[in-house]
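For reference, the structure discussed in these notes is given below.
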Amino acid sequence: MVGPNGAGKTTLIKTLVGLARADEGEAHLLGYPVPHTLVQALPRVGVMLDVPGFYPRLSLRSNLRMLAEGLSPGEVDGALNTVGLLERAGSKVRTLSHGMRQRLACAAALIRDPALLIMDEPFNGLDPPTVRDLRQLLAERGARGKTVFISSHQLEELEKLCSHVAAIQRGRVVAAIALSELGGTSLEDWFFGLEGWH
Amino acid sequence: MVLVVVLAGIGLVVAQAISNYELLPAAQTRFADYDHLLQGGSITADQHEQFVAANTTEIERLEATLDPAAYGGLSARFAGSAVGVLLAVFMAAAFVGAEFRWGYWSMLLVREPRRHRLLASKLVTIAMATIVLATILVAAGYVAGLILAALHDVPAASGSGFGAVMAALPRAWIPALLYAVIATVGSIVARSSLAGVGTAGGLIMADGLLLSDIGVFGNVSPVHRVANLVEVSQSPVRSVIWFPGGGFPAGGIAAADVAVLFGWAAVAVLGAVLVVRRTEYGRQSD
């Protein structure tokens, strides 16, 4: 999902996962109408928010264990390993860089191996190696048949990663396309070619 | 911040213990000096009697409060005082406000969307934390009493008073719980630690200054009901500053007092439920 600042991308995600209530209209998550049946849908959904929050004085492992009640220590460490943070599992979150916090947020979203992963600006503030690692991680999930829904301004990354793109403006989807239909056009050219989008 | 509150509470209790222990030698010295003066024949017999009556009572009072078990009681009363209540308020507001600052509620709500459950979990946590805080303060007072008794060569208590201290703990805990819950609700509704402290502090001040002495409001005033649990000054201004007077009122804890105080807590929680159900969490928009 792409769109300019203020288009409603974050608001849409917040509405889907129950952080905000829609004034009108309907939303469904994995077929469940929200917010009334979020309890059924959310266990199968991983959410990575644009500004993830953790207890700064607790370790990475402790934070994940609090967010993933019922999972074994091995599963928690497995999630940390997936994002390359296992060696820092005992470190306090406040010692992490922004990029590492993003990776920890990714681990928190992935920890239950969700059917649907929703990510809001996952590439923001990441250095190139971390962007590459995250892209590979998400591509692997796609190859396993898992759905990944990303809101981002990083058109180049989306073009490398996504199968479909929707453009949103003022809270409405104004265009949607499968990347295979772009032909020789880049995603950036398609995006800026949309009416009223300059 | 929570650790700072606990350490501040312990520090205040110990300081109170030390200051009282310092008073006893001073009173005894004053008594001895005066007695010496009397032997010189420079005061009348009536003056002597008045002095002995006044100072013996003072020394007896100090010796009684120097009992380590009594010190536990003092610190239980302290926990029920405005200072103890404010410590609980600061602790609750700091805990909840920090979670909003860190953006932790959003992380929780995308895993547990039933907001009333999240709210309940926070309130239960705060309730347990106030029990721990009150217990720590009482224990600090008791241990400080034992240590100071040894240092000042005062006979240590037999421990028979410890049961009474434990019985006093609920009287101290209930007021702390009420205002901690109100601070929690204020912090949750406004998503700010400062708002939580302001809500609880504002209620204490408004109640103490305006409502307690106004006819029918006195029956539902928290300060009025707290006065039945721990000694509260009848002066509204003083009750804002310092709840206890001389100790714990005689008799058991009245159900009506508990009902009114928990009623206030229930009203606050209901308000929080209504607000939390409609609140948007996470970053505003993009």
Near the amide H of residue A:47, under 5 Å away, which other amide H atoms are found, from residues 5 or more places off or on another chain, if H is placed in the peptide plane? A:118
Step through the residues of the stretch B:45-50 one at a time and calculate ³J(HN,Hα) from phi using the Karplus curve (6.51 cos²θ - 1.76 cosθ + 1.60, θ = phi - 60°), rounding each to whole Hz and writing x for Gly and Pro. 5, 5, 4, 4, 4, 4
The set of residues whose placed amide H lies less than 5 Å from the amide H of residue A:21, leaving out same-chain residues fewer than 5 positions away, is none
Residues meeting the amide H criterion for residue A:174 (H placed from the backbone, H to H distance under 5 Å, 5 or more places apart or on another chain) are A:167, A:168, A:169
Using the Cα gyration tensor of the protein assembly as shown, with a ≥ b ≥ c the square roots of its eigenvalues, what is the shape: rounded (a/c below 1.5), prolate (a/b larger than b/c) or oblate (neither)? prolate
For residue A:179, what is the net charge nearby, where nearby means another residue's Cβ is under 10 Å from its Cβ and Lys, Arg count +1, Asp, Glu -1? -1
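Quick note: the coordinates plus some simple rules give every number you see, no bench work behind them. Note that the coordinates shown come from a computational prediction; the quantities given were computed from them, not determined experimentally. We place every Cβ from the backbone using ideal geometry, glycine too, and count neighbours over all the protein chains shown.
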